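K.L.:
One structure coming up, written as structure tokens, with questions to follow.
The values are calculated or read from the model by the stated rules, or taken from the named source; none is laboratory data. This one's a predicted model, so the numbers in the text were calculated from it and none came from an experiment. Here Cβ is always computed from backbone atoms with ideal geometry, including for glycine, and neighbour counts include all displayed protein chains.
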Amino acid sequence: MALLKANKKNSNWRLSLYHKVLLIITLIAICFCAQGIYREAKAIVAQRLLSLAWVSHLEDGERHKPWPWADSVPIAQLTIAGQGPLMVVAGTSISHLTLAPAWMVSSSGFGKVGNSVVVAHNDTHFKQLKEVHLNSLLTVNTYPNLQFNYRVIATKIVNEKELSVLKVSEQEILTLITCYPFESSLLNSELRFVVVAKRIKQPFSDIKFAWLN
């Protein structure tokens, strides 16, 4: 009889522990989900405010903060494979990356000889890179109404320590970098998805379908 009571007690204890562990796992999952929704919402709102600041910049040539306490201003507008334009800020700090794609200030300026590097999160601004392939077209607009067109010449997956993707080029190169794999629950992934594009001088209307011929 005592043995049956002991077994029942152990069974109840294990069941209680199982329920507690299940509850903890559920709460963690909810937190991660809420974090993801919050980060995406923050990214969307930031892009909208940065866009308004960009329009004002184009109108009067002055640098406009997207909100009073902002420590960054939009420096360019990036369009990836015909999708919605993205405002770009300068500097790759954690706070900047939550708001917009960030231009690496140690890299070349847009439309100049060298390697212009832009990085962003793969679950917000650069989730668009999933749709990018060889010959995809990219556009960068800068002040005052300058447009630089690029064609993708390579996509690759590299380790985060691979520095060759940052090297200076003798051509006008645009490099986009984000974490990999896309839509992954893995945190602190060591892999990066890299898009390399070369500037093309003719208008898109002339070359949009040239690669199909």
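K.L.:
Please list, ordered by first then second residue, the pairs with beta carbon atoms under 7 Å, 6 or more apart or interchain, first in the range 156-171 and modelled with pLDDT of 95 or more and among the polar types (S, T, N, Q), second surrounded by fewer than 13 Cβ atoms within 10 Å (Cβ to Cβ) and in a helix (DSSP H, G or I).
P.N.:
Nothing qualifies.
K.L.:
Do we find that L86 is surrounded by 14 or more Cβ atoms within 10 Å (Cβ to Cβ), farther than 30 Å from R151 by Cβ, modelled with pLDDT of 55 or more and aliphatic (A, V, I, L, M) in this structure?
P.N.:
In short, no.
K.L.:
I've got another one for you. I'm trying to understand the selection: among the residues of the range 124-139, which are touching a Lys or Arg at 6+ places or on another chain (Cβ under 9 Å) and more than 17 Å from V194 (Cβ to Cβ)?
P.N.:
Scanning the range 124-139 gives T124, L137.
K.L.:
Under 6 Å between Cβ atoms, which residue pairs at least 6 apart in sequence (or on different chains) link something in the range 84-113 that is under 17 Å from N141 (Cβ atoms) with a partner that is surrounded by 13 or more Cβ atoms within 10 Å (Cβ to Cβ) and of a type in the set (F, W, Y)?
P.N.:
M87/W54; V88/W103; A90/W103; F110/F148; G111/F148
K.L.:
Which of the residues that make up the range 61-83 are in contact (Cβ under 8 Å) with a residue 40 or more places away in the chain, of a type outside the set (V, I, T) and within 23 Å of L137 (Cβ to Cβ)?
P.N.:
Answer for the range 61-83, where residues must be in contact (Cβ under 8 Å) with a residue 40 or more places away in the chain, of a type outside the set (V, I, T) and within 23 Å of L137 (Cβ to Cβ): A76, Q77, L78, A81, G82, Q83.
K.L.:
Of S205, S189, which residue is at pLDDT below 95, among the small types (G, A, S), over 20 Å from K112 (Cα atoms) and assigned to a loop (DSSP other than H, G, I, E, B)?
P.N.:
Going through S205, S189 in turn, just one is at pLDDT below 95, among the small types (G, A, S), over 20 Å from K112 (Cα atoms) and assigned to a loop (DSSP other than H, G, I, E, B): S189.
K.L.:
Moving on. Please verify whether S95 is at pLDDT below 95, more than 15 Å from V194 (Cβ to Cβ), hydroxyl-bearing (S, T, Y) and touching a Gly at 6+ places or on another chain (Cβ under 8 Å), treating the condition exactly as stated.
P.N.:
It is false that S95 is at pLDDT below 95, more than 15 Å from V194 (Cβ to Cβ), hydroxyl-bearing (S, T, Y) and touching a Gly at 6+ places or on another chain (Cβ under 8 Å).
K.L.:
Does the range 141-153 contain at least one residue that is closer than 24 Å to G84 by Cβ, at pLDDT below 95 and basic (K, R)?
P.N.:
So far as the range 141-153 goes, no, none of its residues is closer than 24 Å to G84 by Cβ, at pLDDT below 95 and basic (K, R).
K.L.:
Inspect all residues belonging to the range 51-69 and state whether any of them is of a type outside the set (K, R), in a strand (DSSP E or B) and either at pLDDT 95 or above or closer than 13 Å to T98 by Cβ (or both).
P.N.:
So far as the range 51-69 goes, no, none of its residues is of a type outside the set (K, R), in a strand (DSSP E or B) and either at pLDDT 95 or above or closer than 13 Å to T98 by Cβ (or both).
K.L.:
To continue, here is another question. Here is a list of conditions, (1) closer than 20 Å to E190 by Cα; (2) touching a residue at least 60 places away in the same chain (Cβ under 8 Å); (3) assigned to a strand (DSSP E or B), and L138 meets all of them except one; can you say which number that is?
P.N.:
Of (1) closer than 20 Å to E190 by Cα; (2) touching a residue at least 60 places away in the same chain (Cβ under 8 Å); (3) assigned to a strand (DSSP E or B), only one is false for L138: (1).
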